[in-house]
Amino acid sequence: MKEWKLTTSWAAGFFDGEGCVSVSRRKRGNFIEHFISVQIGQKDDTPLKAFKLKYGGSQCPSKTPSDCARWRIHGKASERFLKDIYPYTIVKREQIRIVLEIRKLIGKPGHHISKETWDKKERLWHELQREKGKE
C-alpha cells in the first residue's frame with residue numbers, strides 16, 4: 001500500500017465536508033471572552049491522526065453515543081490551520097473568513113478592549129451565527 005500524506009488541499013476538502021469551526025463566548029469575571037474552536041469528527045481515526053501530526057491539537061473519542069473520534073484545535077493553532085486551508089475551501093470559506101476576522105480582535109485573557117472593538121467582535125459573531133443558520 002502506498003504511503004498516504006495529508007496535503008493542504010485535501011485537508012481543506014475534508015474539513016469542508018466533516019469539520020466545524022466555531023466561536024464560543026464564555027463569561028470570565030465581569031467580561032465575556034471569545035474562544036475559537038475547530039474540530040472534525042470521523043469514524044475512521046486515520047485522517048484525524050494525520051491532522052494531529054501536521055497541525056497539533058488533540059484527538060479523542062467523541063462524547064456522543066456513536067463510536068466516532070474527534071480532532072480538536074483551539075486558539076492560535078486553530079488560526080494557523082484555518083489560514084493554511086482557507087484558499088482551498090469552498091463550503092466553509094465564509095465561516096472561516098469571519099472567524100479569522102474575529103481572531104484578529106481577540107486579545108490576551110483579561111485584556112480590556114475598546115467598545116468599538118467589542119461591538120465589531122459581536123457583529124462578526126452574529127454574522128457567523130447567521131452564516132451557520134443559527135440565527
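The values are calculated or read from the model by the stated rules, or taken from the named source; none is laboratory data. Not measured: the values here are computed from a predicted model. FYI the Cβ positions are ideal-geometry reconstructions off the backbone, even for glycines, and counts take in every protein chain you see. Heads up: the accessible areas ignore ligands, DNA and RNA and are worked out on the full protein's heavy atoms, side chains in. Shrake-Rupley method; radii C 1.70, N 1.55, O 1.52, S 1.80 Å.
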Seminar exercise, completed: Helix 46-55 sits off the longest principal axis of the Cα atoms of the chain, rounded to the nearest 10 on a 0 to 90 degree scale, by 50 degrees
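For the chain, what is the relative contact order in percent, using Cα pairs closer than 8 Å and at least 6 residues apart in sequence? Can you show the working numbers first?
Values: 170 pairs, mean separation 30.3, N = 135.
Reported relative contact order: 22 percent.
Helix-only estimate, please: 222 nm mean residue ellipticity of the chain, summing -39500 (n - 2.57) across DSSP H runs of length 4 or more and dividing by its residues, to the nearest 500.
Rounded to the nearest 500, it is -14500 deg cm²/dmol.
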For this session: Could you please report the charge total around LYS132, scoring K, R as +1 and D, E as -1 over all other residues with beta-carbon less than 11 angstrom from its beta-carbon?
Result: -1
Problem set entry | Principal axes of segment 88-135: Cα extent on each, largest first, Å | 34, 25, 15
Exercise. At a probe size of 1.4 Å, how large is the accessible area of LEU53, to the nearest 10 Å²?
Worked result: 150 Å²
Exercise. Using alpha carbon coordinates only, what is the Rg to Rh ratio of the chain, with Rh defined as the Kirkwood radius?
Worked result: 1.00
